[in-house]
1. Give me the helices (runs of 4 or more DSSP H) completely within the range 90-198, filtered to those with at least 1 residues that are among the aromatic types (Phe, Trp, Tyr), ordered by residue number.
2. Could you tell me how many of the residues in the range 203-236 are touching a residue at least 40 places away in the same chain (Cβ under 8 Å) and more than 16 Å from the chain's Cα centre (by Cα)?
3. Can you tell me which of 140, 149, 128 is under 28 Å from residue 238 (Cα atoms), among the aliphatic types (A, V, I, L, M) and in the same structural domain as residue 88 (by TED's automatic domain parsing)?
4. Checking residue 255 against (1) surrounded by 15 or more Cβ atoms within 10 Å (Cβ to Cβ); (2) modelled with pLDDT of 90 or more; (3) in a loop (DSSP other than H, G, I, E, B), which single condition isn't satisfied?
5. Are any residues in the range 79-89 more than 16 Å from the chain's Cα centre (by Cα) and part of a loop (DSSP other than H, G, I, E, B), and if so, which ones?
Amino acid sequence: MIARSLRGIWAIAVVASVCLGALAPAIAADGALSQGLSKKRQLPATWSDSIGGQLYSDWPQVMLFRGPFRKHPLWTGSPSAINTETWRCVNCHGWDYRGSDGVGGDLGVVSNVPGLRHLAGADRRTVADGITRGEHGFAAEQLSADALAFLVEFLIEGQLAVVDLAARARDLGADTKAGAVRYASVCRVCHGPDGARLNLGSERFPDTLPTLARSKPWKFLHGVRFGHAGVMPAFLMLEEAEFLNLLAFSARELGKD
């Protein structure tokens with residue numbers, strides 16, 4: 001039963017990636033945010049909410065967009081960074097959404113980048129304009145109207161959930177035994193008994209699930225909550241306590257036997 005449900009959830013992640021990428025040229029023609037929001041409301045909440053978080057972490061993968069890319073005009077990080085990486089939201093605004101004042105993204109902290117927490121509850125059109133206009137501007141062929149709507153919704157409503165969880169995991173206790181049970185039921189099949197089966201970083205800077213939980217809890221929680229396009233499903237159906245328990249178990253116990 002568990003394996004069957006996991007396959008179903010994983011399929012959602014794959015289908016979301018493929019569908020958004022395939023629809024991009026057709027939907028981008030009108031660029032209507034209202035149309036994208038309308039389509040979002042027709043999707044199951046677990047599906048639609050996960051897409052915005054996946055776009056934030058790696059929109060080129062979600063949109064199946066292969067370029068061409070130049071360096072993002074506002075990039076202030078390493079000049080040697082791969083062009084594609086300079087366009088990923090997380091690599092400027094960070095896994096904790098605090099920009100230069102936070103923990104940074106996969107390429108570290110980038111200077112002179114604003115945080116995004118102030119966007120919680122902001123006007124949707126204002127947020128969309130900030131994404132698509134000026135030097136920051138994302139073109140319609142990069143983000144379709146649908147994708148833009150999902151990303152805007154994540155910035156307004158989705159980011160705070162992960163920020164709050166990360167803070168609570170650091171400041172409050174969690175049940176590692178319950179986390180071990182949940183890990184065995186939904187995580188072990190892919191990540192292995194010690195959490196080291198998959199490399200969650202790069203060849204140069206590898207990361208396993210326990211090292212990620214210990215050193216990058218914000219990235220850990222974002223990934224568990226929203227998933228990774230075409231690779232890992234979202235687990236938005238978990239209760240808040242379950243996220244905390246998983247993080248605590250992965251950081252304190254996983255891989256130590």
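1. Those helices (runs of 4 or more DSSP H) span 145-153, 176-186.
2. So the answer is 2.
3. Every option except 149 fails the conditions.
4. The single condition residue 255 does not satisfy is (2).
5. Listed by number, the residues that qualify are 79, 80, 81, 82.
The values are calculated or read from the model by the stated rules, or taken from the named source; none is laboratory data. Since the structure is predicted, the reported quantities are computational estimates derived from the model, not experimental observations. Counting neighbours? That spans all protein chains shown, and the Cβs are built from the backbone with ideal geometry, glycine included.
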